[in-house]
Amino acid sequence: MITRRNFIQQAGMFATGLMIAPSILSCQSLGGRKRRIGLQLYSLRNEIGKDVRGVISKVAAAGYQDVETYGYSLEGKFWGMTPKEFKAFLQSYNLTSYSGHYGAHEFFSRDKDIKSARFYIDAVTEMGQTYLTVPYMDSKIIQNIADYRHVAGKLNKLGTMCKSAGIKLAYHNHDFEFKNMDQGKSFFDVLLAETDPSLVDFELDLYWVVRAGKDPVDYFKQHPGRFTMWHVKDMDKADNSLNTEIGTGLVDFKKIFNNAEVSGLKQVYVEQENFKIDPYESISKSMIYVKDMKFDIIK
């Protein structure tokens, strides 16, 4: 099974059915933006390369209004389409893209210049996305507190570059960020403490937080407003290493959604990294659950 970590590593770090009728939710958000329930396209990584048009049409038919991209490279682009072409392609299915996962993490080691990530910023701008989201951090470059602080500093620099381009930066977590690795501190603790809130937001992957033994709501309360996006995916009851359809697993989403305002939530993305049933049936069931959580009326 392809995992996110394996995909990122194997892809040269990015650079080198049950359907429901589509619905347009009436949503309000910060800055007047309408909230749109999204799907991280990585969920359908085994399907999208074979038939991008078929996948996107089924995502729209399942009721999603936004997608989070992944896998962009200068060579392969978005499944052969330039950012502008892919944006237009999504629009033909009434889909937008608020955020994209880009391989900027390639440039966080000490021997790389973060300015070299500029071509990702260009892609985000051409896509009309709001967020460049860093999807992962190589564990080899975060071995101690000094490394954590180095990465935090580079995130601030990349955030400054993004701000100058009129977009925003976010960091997406897994579970390793929460382990106390040096001086009793975790990588995530240092990121929260040493990144500038005006430059760096966080896309909190709720599954990975819970799997790390942490409570997402605790982070919302300790750092209000910093978790502007969520990855919403559930934990299988029989095997915690697996995902399952949202609302059928172990994650207490009602508690989490009840604290969305404290989080600063602007966008949710359904994501599932493995399927026991048909993938399109699965994402449809998850969509229905998130819609029922009244994400559209969060003030």
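The values are calculated or read from the model by the stated rules, or taken from the named source; none is laboratory data. Keep in mind that this is a model prediction, so the values were computed, not measured. Glycine also receives a Cβ, built like all others from the backbone with ideal geometry; neighbour counts cover every protein chain displayed. Just the protein is used for accessible areas: all its heavy atoms, side chains included, with ligands, DNA and RNA removed. Shrake-Rupley method; radii C 1.70, N 1.55, O 1.52, S 1.80 Å.
Among the numbered criteria (1) among the hydroxyl-bearing types (Ser, Thr, Tyr); (2) modelled with pLDDT of 95 or more; (3) surrounded by fewer than 22 Cβ atoms within 10 Å (Cβ to Cβ); (4) closer than 21 Å to residue 228 by Cβ, which one does residue 69 miss?
(3)
Could you grab me the full set of residues in region 235-254 that are over 19 Å from residue 43 (Cα atoms) and open to solvent by less than 40 Å² (accessible area, probe 1.4 Å)? Quick ask: steps written out before the conclusion?
Taking region 235-254 as the starting set, the residues that turn out to be over 19 Å from residue 43 (Cα atoms) are 237-238, 250, 252-254.
Passing the criteria: only 253.
Where in region 85-198 are the strands (runs of 3 or more DSSP E), entirely inside, with at least 3 residues that are surrounded by 14 or more Cβ atoms within 10 Å (Cβ to Cβ)? Give the derivation first.
Working: elements: 99-101, 131-134, 168-172, 180-182.
Output list reads 99-101, 131-134, 168-172.
Out of contact with any helix residue (DSSP H, G or I) (no Cβ under 9 Å at 6 or more places or on another chain) and on the phi < 0 side of the Ramachandran plot: is that true of residue 138 in this structure? Quick ask: steps written out before the conclusion?
On the way: out of contact with any helix residue (DSSP H, G or I) (no Cβ under 9 Å at 6 or more places or on another chain): no; on the phi < 0 side of the Ramachandran plot: yes.
Criteria not met by residue 138.
Assess whether residue 179 counts as being under 26 Å from residue 71 (Cβ atoms) and at pLDDT below 95. Walk me through it before giving the result.
Numbers: under 26 Å from residue 71 (Cβ atoms): no; at pLDDT below 95: yes.
Criteria not met by residue 179.
Any residue in region 114-131 that's at positive phi: show its pairings with residues that are assigned to a helix (DSSP H, G or I) at Cβ separation under 6 Å, as long as the two are six or more apart or on different chains.
Cβ pairs passing all conditions: 128/87.
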